[in-house]
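**Q** This is the structure I want to talk about, given as structure tokens.
The values are calculated or read from the model by the stated rules, or taken from the named source; none is laboratory data. All of these numbers come straight from a predicted model, not from anything done at the bench. Because the Cβ atoms are built from the backbone with ideal geometry, glycine has one as well, and the counts that use them run over all protein chains shown. Ligands, DNA and RNA are excluded from the accessible area calculation, which covers all protein heavy atoms including side chains. Shrake-Rupley method; radii C 1.70, N 1.55, O 1.52, S 1.80 Å.
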Amino acid sequence: MIRYHDVNGGLRQKYTASFRLDDLGLLRGYGIFDYFLVRQGVPMFWDDYADRFYRSARLLGLEVPIAPEELRQRIARLLEANRERNTAIRLLLTGGYADDSYTPAEPNLAIMQHPMPSVAPERYEEGIKLMLYRHLREVPEVKSTNYLTGIHIRELLKQAGAPEVLYHDGRLVSESARSNFFIVTAEGVLVTPAEQVLHGVTRKHVLELAQQAGIRTEVRDLTLDELPRAAEAFLTSTIKGVLPVVQIDELRIGEGRPGPVSRRLRELWQNHVADYIARHQPFKR
Ligand SMILES: *Cc1c(COP(=O)(O)O)cnc(C)c1O
């Protein structure tokens, strides 16, 4: 049972844990976060998520008030208090309490704990549909708390029968609202957009796994024109892992079911996760 969150270094009951109303995160959507899984007590790929969290903060001119080692200690204490070994952690850093409701002040830092998320197994077996939508995330390299477009288009997605979106700028494809996007070309090359995307931790590991498996990879611009010739496509994210995409709007991808490269990478990813758990210890205080 998850009972507590950490707010600025203090454990608080989760339903009453709070920041004040004059926080810029709430007033202006000025804040960053990160989100990772904890499996069998082991925070997964901690170094990658910690790096990205501090980097997102830096890019928005916010200072994380504590060093990574102390952040790690706070996470250890929260995990101990909540006694849940398979779970998710969200780090949240906001613009702080602004006197003029506009200028970033001393950031507030919360560590929230959530139940382990799950994705329905048939999504992996059948693959999913994406809906194209023209949008470029603001400051795409930052994991900001602003998901205005993604949340706003939920009804459109529902009407399209697409669980997720694929953002583009009219020429180039970028990513989904909370996931990175890959295609496998007819020649068997794995391609993912280089720029204007969040640098996903899963994306990074999947690229490395593909290279180790002898799959050619290209991190470059990916145009809308290339989609009709793609043999396969998939999304990657912390929650989804490797999730096959079989349709984009009315375009069927490949055979309309998950292809061999996507299936192989999903398996390599699952082995990689198991391997990481076996080689790492739970955080100690
Ligand atoms: C979190 C996120 C991703 C996926 O990153 P992971 O580190 O693999 O979870 C991709 N795009 C956006 C916009 C995100 O917020």
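**Q** It is to be established whether one or more residues within the range 71-86 are buried (at least 17 other Cβ atoms within 10 Å of the Cβ) and in contact with a Leu (Cβ under 6 Å, 6 or more places away or on another chain).
**A** no
**Q** A further question follows. Any idea which of Gln247, Gln196, Gln270 is touching a Lys or Arg at 6+ places or on another chain (Cβ under 9 Å) and within 26 Å of Pro121 (Cα to Cα)?
**A** Gln247
**Q** For the condition open to solvent by less than 40 Å² (accessible area, probe 1.4 Å) and away from the ligand (no atom under 16 Å from the Cβ), what is the one hit in Pro258, Pro282?
**A** Pro258
**Q** Let me ask something else about it. Take the residues in the range 149-166 that are open to solvent by 50 Å² or more (accessible area, probe 1.4 Å) and within 15 Å of the ligand (Cβ to nearest atom); name whichever of them is farthest from Ala233 (Cα to Cα).
**A** His152
**Q** Scan the range 39-95 for residues that are in a strand (DSSP E or B) and more than 14 Å from the ligand (Cβ to nearest atom) and jot them down.
**A** Hits for the range 39-95 are Arg39, Val42, Thr87, Leu93, Thr94.
**Q** Okay, moving on. Can you tell me which residue among Asn146, Asn180 is open to solvent by 50 Å² or more (accessible area, probe 1.4 Å), outside the structural domain of Phe33 (by TED's automatic domain parsing), among the polar types (S, T, N, Q) and under 16 Å from the mean Cα position of the chain (by Cα)?
**A** The conditions single out Asn146.
**Q** If we keep just the residues of the range 183-216 that are open to solvent by 20 Å² or more (accessible area, probe 1.4 Å) and touching a Gly at 6+ places or on another chain (Cβ under 9 Å), which is nearest to the ligand (Cβ to nearest atom)?
**A** Per the stated criteria, the residue is Ile215.
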